[in-house]
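Asker: Dropping a structure here in structure tokens format, bear with me for questions.
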Amino acid sequence: MAENLKEIADEILEKAQLAAAEFHQFNQEQTDRIVEAVFRVGFSNRVKLAKRAQEETGMGIWEHKVIKNVLGTQLVYESIKNEKTVGVISYNSQTGIAEIAQPLGPILAVIPVTNPTSTAMFKILICLKSRNPIIISSHRGASKSCAETVRICYEAALSAGAPEDCIQMITSGSRDFTQMMMAHPKIALILATGGTGLVKAAYSSGNPAIGVGPGNVPVFIDESADIPFAVGNIISSKTFDNGTICASEQAIVMVDAIEKEVRREFERQNCYFLTNEEIKKVEKIAIVPETGSMSAQVVGQSVLTIAKLADINIPEGTKILIAKLDGIGKEFPLSGEVLAPILAFYSAKDYHAAINCCIDLNYLGGIGHSACIYSNNEKRIMEYAELLNAGRVLVNTPSSQGAVGALFNQLPPSLTLGCGTGGKNITTENITAKNLLNIQRVCRRKPNEMFFGFDQSKYYDESLTADEITKEYYKNH
Amino acid sequence: MVTFDYNSTEKIITAVFAGRMDYLAVVELTPILESEPILKNRGAEDRIIFDIAEVDYIASSFIRTCIMYAKQAGTGRFSIINCQPFVKKTFKISGLDEVLNIS
């Protein structure tokens with residue numbers, strides 16, 4: 001069986017290698033033509049693919065998945081279409097350094113069940129823009145909608161002149177096979193989006209990887225914030241696709257002085273505060289006790305479904321379930337990440353205690369991902385940003401739609417959000433085509449006149465101090 | 001720089017620190033801690049709490065001091081409370097928050 005899988009892996013990579021060889025010879029115009037064709041077909045199928053993803057996974061809301069597909073196609077395309085990704089992409093006459101973009105080679109792209117079509121199209125577009133063949137590994141629960149996405153994009157790419165096998169998909173779906181693919185010597189890079197285990201596997205594979213794992217986004221509502229505005233934004237974000245975006249809000253934090261006002265506003269905007277008994281019931285169905293991580297049965301589910309699963313009665317029209325908690329960590333299961341319309345709620349005695357609470361939440365499985373603040377106090381906004389370990393700190397912005405860029409800010413649109421070294425990533429950036437290039441620097445001779453004009457024999461004189469040498473070094477010769 | 005309190009009912013020793021805990025401060029602090037009778041003569045069941053509400057900077061030597069007392073006190077018998085956010089972040093970033101039971 002293992003040998004058979006190895007043969008399959010070898011065959012896929014052999015095809016990808018040939019595609020890479022051909023792709024490498026494409027110019028910018030040829031490349032851009034392919035990218036445009038794939039964008040057009042992906043965009044045209046945004047509704048169909050959104051419905052398929054929702055039907056197959058049973059997660060999220062198809063109308064919201066349409067918006068995700070728009071982000072993964074139109075907005076991504078708009079952000080990369082004019083980028084130079086082939087040959088000489090820049091030259092600085094002052095430094096004499098020219099930059100040449102080279103493709104990486106076959107990229108293994110792991111697609112999460114929560115965004116199977118949008119993430120697939122996004123990764124396909126950025127891989128093609130950088131002339132890298134892509135091998136899609138879909139989550140088993142979303143393999144059909146993902147396969148359909150791949151088929152549509154591949155056909156469009158081929159008709160625009162792309163190399164054969166520039167887009168492939170792993171159909172096996174087994175974890176062993178994905179790991180085998182990750183470790184394959186012909187893989188140039190793994191673009192992994194998913195849970196902690198998957199990202200760890202990618203980084204342990206021995207191949208370069210950009211892996212994006214979980215978040216646990218704290219939201220601090222400052223006393224200076226416009227509370228109805230903040231609450232409205234949080235609700236629109238946390239209910240977006242039933243909370244399946246990893247940058248969605250997980251906990252709301254404020255000081256005691258505004259707790260009642262914030263709570264009233266959430267209630268006014270149809271959110272439901274769970275009783276202690278109900279919190280226990282929701283914990284049971286939302287969190288796997290052995291691991292402390294979220295249970296698949298609630299991911300991307302509606303409030304109504306969650307309430308039924310937990311056997312609790314909630315008012316009609318409830319948008320989000322809110323659990324007021326007294327602590328953070330394993331003893332408080334809902335203080336961790338749950339990709340569903342469930343929020344933790346904390347009130348602290350003062351500003352410092354509230355920020356400490358946000359720091360604790362941030363470090364509970366969401367290091368380096370995203371954080372959010374609602375405030376009209378610039379000093380506090382910057383203070384918060386410096387204290388939190390987050391690649392993106394969203395200000396007065398819904399974090400789901402804010403972190404993915406292009407909609408509420410000028411971040412690059414992306415469905416793969418770097419989490420820095422805290423999240424075991426190499427970057428905190430929103431991943432895009434430029435992250436999939438090897439940049440060569442051609443360095444023209446521009447001798448350092450200070451260095452060569454300086455009497456270098458002085459470096460060997462141990463009696464000279466750093467100040468004396470520096471003074472001489474910078475002297476006008 | 002540091003004041004001490006002992007709650008004999010709860011068996012809790014609280015050391016309240018104030019100011020900047022840089023290298024020089026810790027050099028000055030070390031003999032004070034070592035000679036403090038409450039700490040010196042503590043029982044095996046006593047818990048130690050470092051209250052650092054008024055501390056706005058911690059040097060590695062201060063963290064080392066904390067680790068030393070945490071080890072001496074044993075699991076669950078040492079904690080640091082009332083950190084300012086900047087100090088809390090420092091403990092978190094260094095990954096020492098669990099060892100030192102920071103709150």
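Asker: Which one is farthest from the other protein chains (Cβ to nearest Cβ), of the residues in the stretch B:70-103 that are of a type in the set (S, T, N, Q) and under 11 Å from B:Val55 (Cβ atoms)?
Answerer: B:Thr90
Asker: Filter the stretch A:370-394 down to residues that are in contact with a strand residue (DSSP E or B) (Cβ under 6 Å, 6 or more places away or on another chain), crowded, with 18+ Cβ neighbours inside 10 Å and more than 10 Å from chain B (Cβ to nearest Cβ), then give me how many there are.
Answerer: The number of residues fulfilling the criteria is 11.
Asker: Out of (1) buried (at least 21 other Cβ atoms within 10 Å of the Cβ); (2) within 26 Å of A:Asn82 (Cβ to Cβ), the odd one out for A:Val113 is which?
Answerer: It is condition (2) that A:Val113 fails.
Asker: Continuing with the same structure: Go through the stretch A:237-270 and count every residue that is part of a loop (DSSP other than H, G, I, E, B) and not hydrophobic (A, V, I, L, M, F, W, C). If you could, list the steps in order and put the result at the bottom.
Answerer: Within the stretch A:237-270, the first condition is being part of a loop (DSSP other than H, G, I, E, B), and the residues that meet it are A:239, A:244-248, A:269-270.
Restricting the remaining residues to those that are not hydrophobic (A, V, I, L, M, F, W, C) gives A:239, A:244, A:248, A:269-270.
The qualifying residues number 5.
Asker: Taking the stretch A:322-354, which residues are assigned to a loop (DSSP other than H, G, I, E, B) and within 14 Å of chain B (Cβ to nearest Cβ)?
Answerer: The answer is A:Asp326, A:Gly327, A:Ile328, A:Lys330, A:Glu331, A:Lys349, A:Asp350.
Asker: Could you grab me the full set of residues in the stretch A:286-313 that are of a type in the set (A, V, I, L, M, F, W, C) and crowded, with 17+ Cβ neighbours inside 10 Å?
Answerer: Once the filter is applied, which keeps residues that are of a type in the set (A, V, I, L, M, F, W, C) and crowded, with 17+ Cβ neighbours inside 10 Å, the stretch A:286-313 yields A:Ala286, A:Ile287, A:Met294, A:Val298, A:Val299, A:Val303, A:Ile306, A:Ala307, A:Leu309, A:Ala310, A:Ile312.
Yes or no, residue by residue, for (1) part of a helix (DSSP H, G or I); (2) in contact (Cβ under 8 Å) with a residue 12 or more places away in the chain; (3) within 12 Å of chain B (Cβ to nearest Cβ):
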{"residue": "A:Ala296", "(1), (2), (3)": "no, no, no"}
{"residue": "A:Gly300", "(1), (2), (3)": "no, yes, no"}
{"residue": "A:Lys308", "(1), (2), (3)": "yes, no, no"}
{"residue": "A:Pro315", "(1), (2), (3)": "no, yes, no"}
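Asker: Let me ask something else about it. What number of residues in the stretch A:341-362 are touching a Phe, Trp or Tyr at 6+ places or on another chain (Cβ under 8 Å) and over 23 Å from A:Ser400 (Cα atoms)?
Answerer: Total satisfying the criteria: 0.
Asker: Further, regarding this structure: For the stretch B:1-17, what are the residues that are small (Gly, Ala, Ser) and surrounded by 15 or more Cβ atoms within 10 Å (Cβ to Cβ)? Write out each step before concluding.
Answerer: Just the residues of the stretch B:1-17 that are small (Gly, Ala, Ser), to begin with: B:8, B:15.
The one that is small (Gly, Ala, Ser) and surrounded by 15 or more Cβ atoms within 10 Å (Cβ to Cβ): B:Ala15.
Bear in mind that the values in this text are calculations on the coordinates, not laboratory data. No experiment lies behind these values; they were computed from the predicted model shown. Glycine also receives a Cβ, built like all others from the backbone with ideal geometry; neighbour counts cover every protein chain displayed.
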